[in-house]
Amino acid sequence: MSTPPYVAALREKIGTDLLWMPGASAYILREGEHGTQVLLVRRADNARWTPVTGICDPGEEPDVTAARESQEEACVEIAVERLLAVTALRPIAYDNGDRCQYLDHAFRCRWVAGEARVGDEESNDVRWFDVDDLPELLPRFVKQLAMALGDGGPVLFGAAQRER
């Protein structure tokens, strides 16, 4: 995974101490031959299927992050339709000792254009999946995808999301 220059500069000052990082997850939907499909990427670091995810650049709005990351990671143009959830994820430690905690903004998005393909080193596969034939996903992603496919209920914030 490439580290953004501003994160590398922070790491020079604070070492491996915990960084609070705003980010976005994009649940990109389209209508396929057999119904609704979702675009997922297979992460290069752990081989898990996930929606497109990424961290916000300094001053960047989370919905803009979702659109930028979709272009960078999966080579698709999207329209961000609505916010699904805002969640403070658990702190994580990387193999090099760096620690981060992410504030994730999950969005329902609509595919607009582009042939989905691997766009950077963060993933090694990009695929459209019929929503009734998904690979194994983390529970958070399953819950948020259900929200993206739902009727547009309320945005879930951290505590409410954990209660469901």
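The values are calculated or read from the model by the stated rules, or taken from the named source; none is laboratory data. Since we're looking at a predicted model, the values are computed, not measured. Note that each Cβ is placed from the backbone with ideal geometry, even for glycine, and that neighbours are counted across all protein chains shown.
See the values below:
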| quantity | calculated |
| --- | --- |
| Where a residue in region 103-126 is over 18 Å from Ala24 (Cα atoms) and its partner, wherever it lies, is part of a strand (DSSP E or B) and polar (S, T, N, Q), with Cβ under 8 Å and at least six apart | Val118/Asn124 |
| Filtered residues of region 83-106 (kept if surrounded by fewer than 13 Cβ atoms within 10 Å (Cβ to Cβ) and either under 23 Å from Val142 (Cα atoms) or not hydroxyl-bearing (Ser, Thr, Tyr) (or both)) | Arg90, Pro91, Ile92, Ala93, Asp95, Asn96, Gly97 |
| Hey, Leu10 on the phi < 0 side of the Ramachandran plot, surrounded by fewer than 17 Cβ atoms within 10 Å (Cβ to Cβ), hydrophobic (A, V, I, L, M, F, W, C) and out of contact with any helix residue (DSSP H, G or I) (no Cβ under 8 Å at 6 or more places or on another chain) or not | yes |
| Selection within region 125-145 - modelled with pLDDT of 95 or more, outside any loop (DSSP other than H, G, I, E, B) and over 23 Å from Cys75 (Cβ atoms) | Val142 |
| Verdict on Glu115 being at pLDDT 95 or above, in contact with a Lys or Arg (Cβ under 9 Å, 6 or more places away or on another chain) and exposed (fewer than 13 other Cβ atoms within 10 Å of the Cβ) | no |
| Within region 28-61, tally of residues that are outside any loop (DSSP other than H, G, I, E, B) and more than 23 Å from Tyr94 (Cα to Cα) | 10 |
| Failed item, numbered, when Ala85 is tested on (1) under 16 Å from Gly23 (Cβ atoms); (2) more than 13 Å from the chain's Cα centre (by Cα); (3) assigned to a strand (DSSP E or B); (4) of a type in the set (Gly, Ala, Ser) | (2) |
| Residue tally, condition surrounded by fewer than 19 Cβ atoms within 10 Å (Cβ to Cβ), closer than 24 Å to Val118 by Cβ and hydroxyl-bearing (Ser, Thr, Tyr), over region 13-43 | 1 |
| Single match in Gly54, Gly59 (criterion: under 15 Å from Ser123 (Cβ atoms) and not aliphatic (A, V, I, L, M)) | Gly54 |
| Subset of region 88-117 (residues that are basic (Lys, Arg) and in a loop (DSSP other than H, G, I, E, B)) | Arg90, Arg117 |
| Region 62-77 residues that are free of Cβ contacts under 8 Å to residues at least 60 places away in the same chain and under 20 Å from Phe129 (Cα atoms), paired with ones that are of a type in the set (D, E, K, R) and surrounded by fewer than 18 Cβ atoms within 10 Å (Cβ to Cβ) (beta carbon under 6 Å, 6 or more apart) | Glu72/Asp120; Glu73/Asp120; Cys75/Arg117 |
| Residue under evaluation Lys13, criteria (1) outside any loop (DSSP other than H, G, I, E, B); (2) more than 23 Å from Leu149 (Cα to Cα); (3) touching an Asp or Glu at 6+ places or on another chain (Cβ under 8 Å), criterion not met | (3) |
